[in-house]
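A short worksheet on the structure shown next.
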Amino acid sequence: MTLRKQLDRSALEIRGRLPAGAAPRIGLVLGSGLGGFADRLSDRIALPYGELAGFAASRVEGHAGNLVYGRSGRTEVMALQGRVHYYEGHDLPTVVWPVRTLIASGCTTLIITNAAGGVDPTLRPGELVILSDHLNLLGGSPLRGPHEEQLGLRFLDLSDAYDPDLRVAARQAGTQLGLTLREGVYAALSGPTYETPAEVRMLRTLGADLVGMSTVPEVIAARHMGARVLGISCVTNLAAGILPQKLSHAEVTETAARVRETFVALLTRILETI
Ligand code: HPA
């Protein structure tokens with residue numbers, strides 16, 4: 001079966017479990033420690049990944065595995081509460097399957113969030129950063145493999161992968177909340193180790209401001225299917241070697257938890273304006 005057919009089938013399955021008349025146009029991918037946003041939605045319906053065809057279960061602490069439908073104010077959304085990562089051993093098509101199903105189910109805009117290390121030493125843990133571009137250093141693409149014309153282009157332009165209008169809207173939403181949101185370039189490495197200090201110096205030289213282990217495959221798949229993308233990183237720590245302290249997953253989840261309310265407020269405000 002073609003991927004297009006599998007996606008259409010999956011979309012039918014998902015839409016069949018939403019309330020009659022539901023038509024969410026905005027999809028959210030909630031990163032490490034940021035999944036709590038989906039618990040705040042009204043008219044909430046949570047579909048565990050285990051019940052959805054093609055969804056791999058995430059086993060990372062801080063990542064629940066649910067596709068959640070609900071409303072933020074008047075805006076209907078579908079949220080991926082937790083994601084699967086390349087470092088868990090899944091191939092990239094599996095990693096992007098949930099994002100593809102959101103788009104196949106009707107989402108035309110995706111807000112993709114993550115926890116990231118700050119490579120730019122002027123970033124502060126707890127800061128939220130709007131992604132302006134990325135460096136794909138994963139060593140692979142989710143689009144590798146046979147080309148399916150019904151899904152998207154073979155040779156995809158990624159010039160404006162992170163939608164300029166959505167970036168402006170996000171910045172304005174931040175301003176309304178008293179937040180000065182900076183923009184940054186996100187470098188994706190496969191992990192699961194954190195980077196070495198030498199790798200972080202390399203990333204800085206290459207033009208990265210942030211580093212993480214996700215997001216880029218999802219952005220590529222979303223752009224491939226024609227969705228608009230907004231990317232937001234929560235800087236949970238400064239990358240290795242910048243401060244004289246070691247990195248830990250506990251620090252990542254603790255910082256994400258500390259900014260939870262700000263993150264929820266920003267996302268809520270963005271959803272009111274786009
Ligand atoms: N490196 C890679 N991924 C991350 C980091 C980091 O420093 N922090 C949170 N995710």
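So what's the net charge close to residue 239: Lys and Arg +1, Asp and Glu -1, counting the other residues with Cβ under 14 Å from its Cβ?
-2
Which value in deg cm²/dmol, rounded to the nearest 500, describes the helix-derived mean residue ellipticity at 222 nm for the chain, given -39,500 (n - 2.57) per DSSP H run of n ≥ 4 and division by the residue count?
On the way: 7 runs with 82 residues, N = 274.
After summing the helix terms and dividing by residue count, I get -9000 deg cm²/dmol.
Out of 255, 72, 27, whose Cα points farthest toward the positive end of the dipole of the chain (charges: +1 Lys, Arg; -1 Asp, Glu; placed on Cβ)?
Of the options given, the answer is 72.
Express the C-alpha Rg of the chain as a ratio against the empirical globular expectation 2.2 N^0.38 Å, rounded to two decimals.
Numbers: Rg = 17.4 Å, N = 274, 2.2 N^0.38 = 18.6 Å.
Here the Cα radius of gyration is 0.94 times the empirical estimate.
Quick one: compute the contact order of the stretch 3-273, relative version, from alpha carbon pairs under 8 angstrom and 6+ residues apart, as a percent.
Numbers: 550 pairs, mean separation 70.0, N = 271.
Reported as a whole number, the value is 26 percent.
Where the eigenvalues come from the Cα gyration tensor of the stretch 40-179, what are the semi-axes √(5λ) of the equivalent ellipsoid, largest first, in whole Å? Don't skip to the end; give the middle numbers.
Values: eigenvalues 120, 95, 63 Å².
Three semi-axes, in Å: 25, 22, 18.
Going by a ≥ b ≥ c, the root eigenvalues of the Cα gyration tensor, does the stretch 4-45 fall in the rounded group (a/c under 1.5), the prolate group (a/b larger than b/c) or the oblate group? Walk me through the numbers on the way to the answer.
On the way: a/c = 2.75, a/b = 1.48, b/c = 1.86.
Because a/c hits 1.5 or more and a/b fails to exceed b/c, the stretch 4-45 counts as oblate.
Restrict the search to the stretch 1-85; then list the GluC sites (Glu not before Pro) that DSSP places in a loop and that have at most 12 other Cβ atoms within 10 Å of their Cβ. Spell out each step's value before the answer.
Working: sites: 13, 51, 61, 76; in loops: 61.
Passing sites in the stretch 1-85 are 61.
Would you please classify the overall shape of the stretch 147-203 from the alpha carbon gyration tensor, given that a ≥ b ≥ c denote the square roots of the eigenvalues, rounded means a/c under 1.5, and beyond that prolate means a/b larger than b/c while oblate covers the rest?
Details: a/c = 2.84, a/b = 1.06, b/c = 2.68.
Oblate.
Would you mind telling me the antiparallel percentage of the DSSP bridges in the chain, rounded to 5? Walk me through the numbers before you get to the answer.
On the way: 17 of 46 bridges.
Antiparallel bridges: around 35 percent, rounded to the nearest 5.
Of the residues 215, 255, 193, which exhibits the maximal mean-square fluctuation in a Gaussian network model of the chain defined by a 10 Å Cα contact cut-off?
193
Gain in length, residue 177 to residue 156, computed as 0.36 nm per residue apart minus the alpha-carbon separation, to one decimal in nm?
Values: separation 21, 0.36 × 21 = 7.56 nm, distance 3.56 nm.
Net length gain for the segment: 4.0 nm.
Per residue, how much accessible area does the chain show when a 1.4 Å probe rolls over the protein heavy atoms, in square angstrom? Don't jump to the answer; show the numbers that get you there.
Working: 11750 Å² over 274 residues.
Value returned for the chain: 43 Å² of accessible area per residue.
Roughly how big is the chain's charge dipole about its Cα centre, with Cβ charges of +1 (Lys, Arg) and -1 (Asp, Glu), in debye to the nearest 20? Mind showing how you got there, number by number?
Values: 27 positive and 27 negative charges, 81 e Å.
So the magnitude is around 380 debye.
Any idea how far the Cα center of the stretch 28-52 sits from the one of the stretch 88-115, in Å?
Taking the Cα centre of each part, the stretch 28-52 and the stretch 88-115 sit 13 Å apart.
Under 1.5 on a/c is rounded, so check that first for the stretch 1-120, then, if it is not, pick prolate when a/b is larger than b/c and oblate when it is not; a ≥ b ≥ c are the square roots of the alpha carbon gyration tensor eigenvalues. The partial results should precede the final answer.
On the way: a/c = 1.69, a/b = 1.13, b/c = 1.50.
Because a/c hits 1.5 or more and a/b fails to exceed b/c, the stretch 1-120 counts as oblate.
Which of the GluC sites (Glu not before Pro) found in the stretch 119-202 are loop residues per DSSP with 12 or fewer other Cβ atoms within 10 Å of their Cβ? Display every interim value, and only then the final one.
Values: sites: 127, 148, 149, 183, 195, 199; in loops: 127, 148, 149, 195.
Those satisfying the criteria are 149.
Sorted from largest down, give the three principal axis spans of the alpha carbons of the stretch 127-259, whole angstrom values.
Computed over the Cα atoms, the extents are 50, 37, 27 Å.
Collect residues whose amide H, placed 1.01 Å from N in the peptide plane, falls under 5 Å from the amide H of residue 115; neighbours closer than 5 in sequence don't count.
Here the answer is 32, 234, since their amide H atoms fall under 5 Å of that of residue 115.
Remind me, relative contact order of the stretch 159-235 in percent, using alpha carbon pairs under 8 angstrom and six or more residues apart? The partial results should precede the final answer.
Numbers: 58 pairs, mean separation 31.5, N = 77.
The normalised contact order for the stretch 159-235 reaches 41 percent.
Kirkwood hydrodynamic radius of the stretch 136-177 from all distinct Cα pairs, in Å? Walk me through the intermediate numbers first.
Working: mean 1/r = 0.0753 Å⁻¹.
About 13.3 Å for the stretch 136-177.
Which is the longest part of the chain that has none of the trypsin sites (Lys or Arg not before Pro) sitting in a DSSP loop with at most 12 other Cβ atoms within 10 Å?
Numbers: sites that count: 59, 74, 144, 154, 246.
Maximal segment without exposed cleavage sites: 155-245.
The values are calculated or read from the model by the stated rules, or taken from the named source; none is laboratory data. What you see is a predicted model; the values in this text were computed from it and never measured. Positions of Cβ are generated from backbone atoms using ideal geometry, with glycine treated the same way; all protein chains shown enter the neighbour counts. For accessibility, only protein heavy atoms count, side chains too; no ligands or nucleic acids. Shrake-Rupley method; radii C 1.70, N 1.55, O 1.52, S 1.80 Å.
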